[in-house]
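Structure record follows, encoded as structure tokens.
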Amino acid sequence: MEKDRIKQAYLGFVLNEGHPPQSVFKLTQQLGIAEQEFYTHYPNFEAIDRELWADFGRQARTTAASEPVWEGYGSREKLLAFYYTLLEILKQNRSYALMSLRRSLHRVPALSPRVLDDFRQDFEIFVADLLADGRVSGEIANRPLVQEGYPRFFWQQVLFVLGFFAKDDTVNFERTDAAVEKAVTLSFDLVGRNTLDSAFDFVRFLVRR
């Protein structure tokens, strides 16, 4: 498929040269196709970068969900499985992932680089479904006033994990694995039922009397 050829040729060029091609013409000339063919699939090179990151996310979700233990997991374990699978995929694509992250992660914390736009859309849908399942099972507290913002909260966690991965110089990114576990544990402590929820329940009980 021509689209896949273009994407793989672009990826190969970036890995070999350390930067995107100077022009679409140069890439299509290398492939032996008309420049117009490129534009039937992508508007620019940035769109390929966005698709590559979306591919990483989709592959992580599909791979994690294909494990036999997946259906027995709660929301917390499913998110952990997604992160660990994503990290394995990024390790397999280490040169591109690190090059792309270090080039693209915004200098201002909490702002998302455009290269992650498609990845972000897919992730927020994925995590919203996980949290909805968690509310049904009781793992996640039902907080109508704030829970709509949870996907954006968890997206900030993704940016933290990717930023940590980009800076991690330990063997096999061991500190990133530890950071993921601690970040997910903290986030589920915050969205799960806690003392504050019990206090609200007690106040509602008193008010109804």
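The values are calculated or read from the model by the stated rules, or taken from the named source; none is laboratory data. Small disclaimer: the values here were computed from a predicted structure and weren't measured. For neighbour counting, all protein chains shown are included, and Cβ atoms are generated from backbone atoms with ideal geometry for every residue, glycine included. What goes into the accessible areas is simple: the full protein's heavy atoms, side chains included, and nothing from ligands, DNA or RNA. Shrake-Rupley method; radii C 1.70, N 1.55, O 1.52, S 1.80 Å.
Over the alpha-carbon set of the stretch 57-118, divide Rg by the Kirkwood Rh and report the Rg/Rh ratio to two decimals.
Values: Rg = 13.8 Å, Rh = 13.1 Å.
Ratio of gyration radius to Kirkwood radius: 1.06.
Counting only protein heavy atoms and a 1.4 Å probe, tell me what percentage of the chain's accessible area is made up of carbon and sulfur.
Numbers: 6390 of 11930 Å².
Of the solvent-accessible surface of the chain, carbon and sulfur hold 54 percent.
Using label points projected 7 Å from each Cα along Cα→Cβ, tell me how many nm separate R103 and E124, to one decimal.
In this crude label model, R103 to E124 measures out at 2.6 nm.
Which net charge results for the neighbourhood of F123, defined as the other residues with beta-carbon distances under 12 angstrom from its beta-carbon, given Lys and Arg at +1 and Asp and Glu at -1? Show your work: numbers first, answer last.
Values: positive: R58, R61, R120, R152; negative: D117, D118, D122, E124, D129.
Combined, the nearby Lys, Arg, Asp and Glu give -1.
Can you compute the radius of gyration and Dmax for the stretch 134-175, using only the Cα atoms, both in Å?
Rg, Dmax (Cα atoms, Å): 15.1, 43.
Going by average Cβ neighbours within 10 Å, how do the peptides 52-58, 1-7 rank, with the highest at the top? Intermediate values should be presented prior to the final figure.
On the way: 52-58: 19.4, 1-7: 13.7.
So the order, starting with the most tightly packed, is 52-58, 1-7.
Return a whole-number percent for the relative contact order of the chain, with Cα pairs under 8 Å and 6 or more residues apart as the contact set. Kindly include the intermediate steps, with their values, before the conclusion.
Values: 153 pairs, mean separation 39.7, N = 209.
Value for the chain: 19 percent.
P(r) for the chain: what percent of alpha-carbon pairs falls in each 10 Å bin, starting at zero?
Using 10 Å bins, I get a P(r) of 7, 29, 30, 19, 10, 3, 1, 0 for the chain.
Would you mind working out the magnitude of the charge dipole of the chain relative to its Cα centre, with +1 at each Lys and Arg C-beta and -1 at each Asp and Glu C-beta, to the nearest 20 Debye? Could you put the intermediate results ahead of the total?
Numbers: 26 positive and 29 negative charges, 134 e Å.
For the chain, the charge dipole is close to 640 debye.
Using the C-alpha gyration tensor of the stretch 82-187, what are the square roots of 5 times its eigenvalues, in whole angstrom, with the largest one first? Numbers along the way, then the final one.
Details: eigenvalues 134, 50, 29 Å².
The three semi-axes for the stretch 82-187 are 26, 16, 12 Å.
For K182 and D4, what does the FRET efficiency come to when R0 = 35 Å and r is the distance between their Cβ atoms, rounded to the nearest 0.05? Walk me through the intermediate numbers first.
Details: r = 38 Å, r/R0 = 1.08.
Given R0 = 35 Å and the Cβ-Cβ separation, E is 0.40.
Starting from the Cα-Cα distance between E17 and S137, subtract it from 0.36 nm times their residue separation and give me the gain in nm to one decimal. Working shown, then result.
Working: separation 120, 0.36 × 120 = 43.20 nm, distance 4.98 nm.
Between E17 and S137, full extension yields 38.2 nm more.
How big is the Kirkwood radius of the stretch 1-93, worked out from every pair of different alpha carbons and given in Å to one decimal? Could the numbers behind the result be given before it?
Values: mean 1/r = 0.0666 Å⁻¹.
Computed over Cα pairs of the stretch 1-93, the Kirkwood hydrodynamic radius comes out at 15.0 Å.
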